[in-house]
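Notes follow once the structure below has been shown.
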Amino acid sequence: MRTVQQGDRVQVHFVKRTQTGDVASSRGRTPLEMTVGKEHRRLPGLGLALVGLEEGGRVMLVVPAEQAYGLPATDRVRQLARSRFPTDEPLAAGSWVLATDRHGHRRLVRILEERDDRVVVDTNHPWAGQSVALEVEVVSILAGPTDHGQAPSPGVNGGR
């Protein structure tokens, strides 16, 4: 049976848990498609941990904060105009709300303090500073690095 190699496109299901008990899972939804060895925003720090697994294979690992969502950065604390927030939404300190950035995209920020016409927010990822436990299952191997019209390299998996 074929095993996962670096560069393979695979579909996976995952469960990730933070130190504070937050859980995110793909169970019950369409599997996540990713390329093995390329960083993926939903599974930071996974790296090459899937290499060698067959379909149905699982791996469990703990990703340190620095390799997961990073450490909290003080330069990610910003002051934004009150007009970037919905007018009907309360801005209680500690709450997470959507704010409009200067490009018109909405992003999740944590309210630190509301001032007259300014709001102090933390734009760090909600899981910044936490290690993340990942459990990942290979659902299917879609394509390998040699499945894109290139001839297999001799000596790699016996030239298969």
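Laid out as a table, the results:
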item	result
Residues located in region 56-72, provided they are part of a loop (DSSP other than H, G, I, E, B) and under 11 Å from residue 131 (Cα atoms)	64, 65, 66, 67, 68, 69, 70, 71
Identity of the residue in region 138-154, assigned to a loop (DSSP other than H, G, I, E, B) and under 19 Å from residue 37 (Cβ atoms), that ends up modelled with the highest pLDDT	144
Any pair with Cβ under 8 angstrom, 6 or more apart, that starts in region 65-90 at a residue that is under 30 Å from residue 46 (Cα atoms) and ends at one that is among the aromatic types (Phe, Trp, Tyr)	68/127; 69/127
Among (1) free of Cβ contacts under 8 Å to residues at least 40 places away in the same chain; (2) surrounded by 15 or more Cβ atoms within 10 Å (Cβ to Cβ); (3) in a loop (DSSP other than H, G, I, E, B), the one test that residue 34 misses	(3)
Subset of region 37-52 [over 16 Å from residue 65 (Cβ atoms) and in contact (Cβ under 8 Å) with a residue 24 or more places away in the chain]	37, 42, 48, 49, 50, 51, 52
Boolean, residue 53 is surrounded by 12 or more Cβ atoms within 10 Å (Cβ to Cβ), modelled with pLDDT of 95 or more and assigned to a loop (DSSP other than H, G, I, E, B)	yes
Given (1) crowded, with 16+ Cβ neighbours inside 10 Å; (2) in a helix (DSSP H, G or I), number of the condition residue 75 does not satisfy	(1)
Checking residue 135 against (1) at pLDDT 95 or above; (2) under 18 Å from residue 6 (Cβ atoms); (3) charged (D, E, K, R), the condition it does not meet	(2)
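The values are calculated or read from the model by the stated rules, or taken from the named source; none is laboratory data. Keep in mind the model is a prediction, meaning the values are calculated, not measured. Don't worry about glycine lacking a Cβ; one is built from the backbone with ideal geometry, like all the others, and counts go over all protein chains shown.
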